[in-house]
1. If TRP49 meets every condition in (1) out of contact with any Pro (no Cβ under 6 Å at 6 or more places or on another chain); (2) closer than 22 Å to ALA12 by Cα; (3) surrounded by 12 or more Cβ atoms within 10 Å (Cβ to Cβ); (4) touching a residue at least 40 places away in the same chain (Cβ under 8 Å) apart from one, which number is that one?
2. Quickly run through region 75-121 and pick out the residues that are among the β-branched types (Val, Ile, Thr) and either in a strand (DSSP E or B) or at pLDDT 95 or above (or both).
3. State all residues of region 81-98 that are within 20 Å of ARG118 (Cα to Cα) and of a type in the set (D, E, K, R); if no residue qualifies, say none.
4. Looking at the structure I just gave you, is GLY106 at positive phi and in contact (Cβ under 8 Å) with a residue 40 or more places away in the chain?
5. Count, please, the residues in region 28-74 that happen to be in a loop (DSSP other than H, G, I, E, B) and closer than 20 Å to ARG98 by Cβ.
6. If you check LEU25, LEU20, LEU79, which single one turns out to be surrounded by 11 or more Cβ atoms within 10 Å (Cβ to Cβ), touching a residue at least 40 places away in the same chain (Cβ under 8 Å), within 16 Å of VAL101 (Cβ to Cβ) and of a type in the set (A, V, I, L, M)?
7. Restricting attention to region 82-91, report how many residues are of a type outside the set (A, V, I, L, M) and either crowded, with 16+ Cβ neighbours inside 10 Å or in contact (Cβ under 8 Å) with a residue 24 or more places away in the chain (or both).
Amino acid sequence: MRSPNQRQGDAAEEAALEFLREQGLELLARNVASRVGEIDLLMRDGSEWVFIEVRSRASPGYGGAAASVTPAKQRRIRLQAQLMLQRQFGGGSWPACRFDVCALDGAAPQTRQVTWIRGAF
């Protein structure tokens, strides 16, 4: 049973996925986690792998959704990405990669503003 916050997060992730697919990205994996961190969406943009953090905020009271991606969160995402790449490619050649943020601001799904920050960190 998912909590209300988890269901809201799931809906935000689904909206981000739909938005990014419309931009031409291809889904490779979602919600890949280990003890070091989690990747919400792993997508491909041409030949480049894109590790995407999805954040959602109903109210800007504590800053927007993008502002909630702290340096500590960025570090965990990088570590998880390295782990995934090591498992997939070993010591061989890794694909070009970048880290994006897809931020959804607003309470109602129909009025949410989606901000895609390419190369966010």
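The values are calculated or read from the model by the stated rules, or taken from the named source; none is laboratory data. Computed from a predicted structure; not experimentally measured. FYI the Cβ positions are ideal-geometry reconstructions off the backbone, even for glycines, and counts take in every protein chain you see.
1. Every condition holds for TRP49 apart from (1).
2. Applying the first criterion (among the β-branched types (Val, Ile, Thr)) to region 75-121 yields 77, 101, 111, 114-115, 117.
Result: ILE77, VAL101, VAL114, THR115, ILE117.
3. ARG98
4. Here the answer is yes, as GLY106 does meet what is asked.
5. Residues of region 28-74 that are in a loop (DSSP other than H, G, I, E, B), as a first pass: 34-37, 46-47, 58-60, 62, 64-65, 69-70.
With the extra rule that they be closer than 20 Å to ARG98 by Cβ, the set shrinks to 36-37, 46-47, 65, 69-70.
Qualifying residue count for the region: 7.
6. Details: LEU25 fails: touching a residue at least 40 places away in the same chain (Cβ under 8 Å); LEU79 fails: within 16 Å of VAL101 (Cβ to Cβ).
Answer to the check: LEU20.
7. First, the residues of region 82-91 that are of a type outside the set (A, V, I, L, M): 82, 86-91.
Still in the list and also either crowded, with 16+ Cβ neighbours inside 10 Å or in contact (Cβ under 8 Å) with a residue 24 or more places away in the chain (or both): none.
The qualifying residues number 0.
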